[in-house]
Amino acid sequence: MNGRAKSVFFLIWCMALTICFVVCFVTCSICRAAEETYKIGAIFSITGSGSWLGEPERNTAKMIEDKVNAAGGINGHPIELIIYDSEGDETKAVLNAKKLIEKDGVLAIIGPSQSGCSLAIIPIVEEAGVPNLSCAAAAKITDPVKKWVFKVTQSDSFCAERMFEYMLKRGITKVAIMSVSSGYGDSGRMELQKAAKNMGITIVADERYSGKDTDMVAQLTKIKGTDAQAIVNWSVGPTQVIVTKNVRQLGLNIPLFQSSGFGSTKNIEQAGSSAEGVMVPVGRILVAELLPDSHYQKKVLMDYKKEYESRFGTEVSTFGGHAYDALYIVLEAIKAVGPDRAKIREYIENSKGFVGIADIYNFSATDHCGLTKDAFEMLMVKDGRFVIVD
Amino acid sequence: MSIFTKILQYIFTGLTIGSIFAMVGLGFNIIYNATDIINFAQGEFVMIGGMVMVSLTKGMNIPMIPAFFLTIIIVAIVGILLERLAINPLSNPSIITIIIITIGASIVFKGLAMLIWGKDTFILPAFTGETPINVGGAVIIPQSIWVLGITLLVVACLAVFFEKTLLGKAMRACATNRKAASLMGINVNRMVMLSFALSAAIGAVSGVIITPISLMDYHRGTMLAIKGFAAAILGGLGSGAGAVIAGFLIGIMESMGAGFISSGYKDAIALVVLLLVLFIKPTGLMGKSELR
C-alpha cells in the first residue's frame, strides 16, 4: 500500500468511527429521553447524634426506591434518590439542600430528620421553590404555613396535648417538665408550656440539660422537692434512658412521660427494669401487631414492618415510617402531575386520604402537616414491652 | 426535702460526674508531662474502653473481671499504636503539628468505632446492682461509689508510680528535661510510648466504669475530652492532683449550678468559674508558676 492509499484508508476509517459514535450517541439520548429518571433529594442525619433517626429513614427510602424501580418506576420513569447526610448539623443541612437544588436539580426534598436542620433549610427551599417534606417533629416547621414546606410527622404539640389529656383524665394537674437543650427539646418545651396553659395544667418545675450529659440527678433532685404529680421528659437518644434510670434511682414514684423519641424497644432494653410504667405517645407502627385487623392502618403497617425487618434484620421504628410517608406522598404527586415542582406542591397541598405509617394525611392550604393528635397512640411499658393503654 | 439533703444530693451527683472529668484530665496530664503534647484523642480512649468492654462481656461472654483487664490491655495497645504509627515517625515535629495529629486521630477512632460497633448506644450492667443507697436522705447509686473509689485508687497508684518507681522517675525526668534525661541513659523514645499506653489504659478504666451510668456510643468521646481538658487546665496542666481536684470541682459546680441557679446554664456556670480562675491564676489551681 502506498502512502496515498494509506491516508485515504485512514480517512475512511475515521469517518466510519465518527458515524458510529454519532449513531450511538443519538440512539442513546433517544432511549434516555424515553426513560428520564425522576430525581428526588433526601437529607437525613445518617451519622452523628441523630443517627438512630437517619439510619432507618435512609434504609426505608432506599427500600422504596428499589421497589418502585423494580416495578417499572413512575409512569415508566425510573426514580433516583439522592441522599445526603446532614450529620445532625444545621450548617451541613443547608449545604446539602443547596447542593440538591443547584447541582442535582431534584423535584422535591424529603427530610431533614431533625427539627433544627429542618428549620434551617426552610428559607432555601422557599426561595428556590422546591417542595420539601420534613421528617422532623417541631410544630414550628409548618406553623405558620410556608408555601413549599410540608411535614409528615406528628407535631410535638399533638404529643404534648395527648399527654396532658391523659393526665387530666386521671386527675393530674401539676407536672414537672425536663427537656434537652436542642432544637427538639426547645420546641417540645414551648409546646408543653403552651398546651399546659390552654389545658389548665400547672408546670411546677422546668429543667433543662445538655444532650451529652451523663447524669440528670441534680435536675430530678430539684423536681423531687416540688409537689409535681408527674414528670414529662422531652429528649431523644441516650438521655431518655439516663433520665428513666435516674428517676427510679432517686425513688421518685410518680408517672414518667417520655416524648415520642422513646418509642423504640432498644430504649426499654437499655433502661431495664427502670422502664416499667413509662408512658409514651407514639405512632402506631410500634404496636402494629396489637391493632385489630379491622383497623384502617393495619395492612399498610404490617406490610412495611415485614418488608423492612426481613431486609435489614432490625426492628422497624417510627422514624423510618416518616421517610415512607414522605417519599410515597411525593411519588404519588409525581405520578399524578409529572415532573413539575409547582404542580407537585399544589397536588400535595390538596391531597386527602393518603393512608401512611403515621396516620391518614389530609393536607390543605392552611394545614401543611395533615395529621391530628389522634395519630398518637398512648403506650405504657409493661413487662419489658409496649402496650396500648388509651 | 430539706436544703441539707439537697446539697448532699448535689455533692454526690457532682462527685460522680466529676470523677469522669478527673480521669480524663489525668490522662491529658500523663502525656503532657512526658511529651508536652495535649492528646485530643484522650476522650476516644474512654469511648473505646467502654465499647471494647461491651463487646467482651456481652459479645464474647467473658466474665467481668478478666474482661476488665483485657479491655485495659487492648486500649493500651491502641494508645501504643497511635504513638508508634502517627507520632513517633515524625522527626522534630512542632507541638501544633502533633496536636493536629491527635485531633485527626480522634476523628479516625470515632469513624472506626462507628464502623465496628454501629451507631447504637450500649450499656453495661452495674458492677454490684442498682439498688440506691440512702445517705442522710440523699441517694447514691452503688456504681457511683465504684467510680469514685476506682478514680481515687488510680490517683494513688499513679502517685506511687511517679514518686517511688524507677520507671516513673524516668518518665518525670523526660518531662523536666528531655536532653538531660536522654544523656542519663533514659530511653526517651520508649518513655513517650509508655506515656501513651498509660494514659490510654486510664482512659479504658474510666470508660468501663462510667458506661453503666452514662451509656456509651461512638461519638461520646469528644464531649468527655472537652470537660476533661477543662479539668486539666483548671487544675494546672501537668499536675495530677490538680486535675483530680479540678474535675471534682467542675462536677460539683455543674450539679449545684443546675440545682440552685438554672439547669439551662449549668455548663456556662462551670465555664465562667474556669475562666475566672484562669484570669486570677493563669497556671491553674496547682500548676507550676512558670509560664510557657
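Every number in this text was worked out from the coordinates using simple rules, so none of it is lab data. These numbers come from a predicted model, not from an experiment. Glycine also receives a Cβ, built like all others from the backbone with ideal geometry; neighbour counts cover every protein chain displayed.
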### Message
If you take each beta carbon of peptide B:103-112 and count the beta carbons of other chains within 10 angstrom, what is the mean?
### Response
0
### Message
What's the magnitude of the charge dipole for the protein assembly as shown around its Cα centre, counting Lys and Arg as +1 and Asp and Glu as -1 at the beta-carbon? Answer in Debye, nearest 20.
### Response
1480 debye
### Task
Using a/c under 1.5 as the rounded threshold, could you call segment B:203-256 rounded, prolate or oblate? The axes a ≥ b ≥ c are square roots of the C-alpha gyration tensor eigenvalues, and prolate needs a/b larger than b/c, oblate otherwise.
prolate
### Query
Per the helix-only calculation at 222 nm, which mean residue ellipticity applies to the protein assembly as shown, given -39500 (n - 2.57) for every DSSP H run of n ≥ 4 and division by its residues, nearest 500 deg cm²/dmol?
-18500 deg cm²/dmol
### Message
Going by Cα centres, segment B:161-234 and segment A:54-93 are how many Å apart?
### Response
46 Å
### Sites B:ILE100 and A:ARG170, calculated FRET efficiency, Cβ-Cβ separation with R0 45 Å, nearest 0.05
0.20
## Note on the structure
Taking segment B:27-221, the equivalent ellipsoid from its C-alpha gyration tensor has semi-axes in Å, biggest first, of 32, 21, 14
#### Entry: Value of Rg to Rh for segment B:109-265 (Rh from inverse mean 1/r over Cα pairs, i.e. Kirkwood)
1.03
#### Entry: Cα-based helix-to-principal-axis angle, A:3-34 vs chain A, degrees rounded to 10
30 degrees
### Task
Can you tell me the dipole magnitude for segment B:131-275 around its Cα centre, using point charges on the Cβ only (Lys, Arg +1; Asp, Glu -1), in Debye to the nearest 20?
580 debye
### Summary
For B:ALA126, the net charge from surrounding residues (Cβ-Cβ under 13 Å; K, R +1; D, E -1) works out to +1
### Task
May I ask you to sort A:HIS295, A:HIS368, A:HIS322, A:HIS77 by Cβ crowding, counting other Cβ atoms within 10 Å and putting the fewest first?
A:HIS295, A:HIS77, A:HIS368, A:HIS322
### Task
Among B:TYR32, A:TYR324, rank each residue by its count of other Cβ atoms within 10 Å, from fewest to most, as a rough exposure measure.
B:TYR32, A:TYR324
### Task
Could you work out the mean projected area of the convex hull around the alpha carbons of segment B:161-246, in square nanometres to one decimal?
6.7 nm²
### Query
Share of antiparallel DSSP beta bridges in the protein assembly as shown, in percent to the nearest 5?
35 percent
### Query
By a straight-distance test (C-alpha under 17 Å), which aspartates and glutamates pair with A:LYS305 as possible cross-link partners, with residues fewer than eight away in the same chain excluded?
A:GLU55, A:GLU57, A:GLU65, A:ASP66, A:GLU289, A:ASP293, A:GLU315, A:ASP325, A:ASP359
### Message
With an 8 Å Cα cut-off and a minimum separation of 6 or more residues, compute the relative contact order for chain A in percent.
### Response
16 percent
### Task
With the convex hull built on the Cα atoms of segment A:122-258, state its orientation-averaged projected area in nm².
8.6 nm²
### Task
With springs only between Cα atoms under 10 Å apart, run a GNM on chain B and tell me which of B:PHE122, B:PHE229, B:PHE248 wobbles the most.
B:PHE122
### Query
Just how far, in whole angstrom, is segment B:61-115 from segment B:120-143 if you go by their alpha carbon centroids?
30 Å
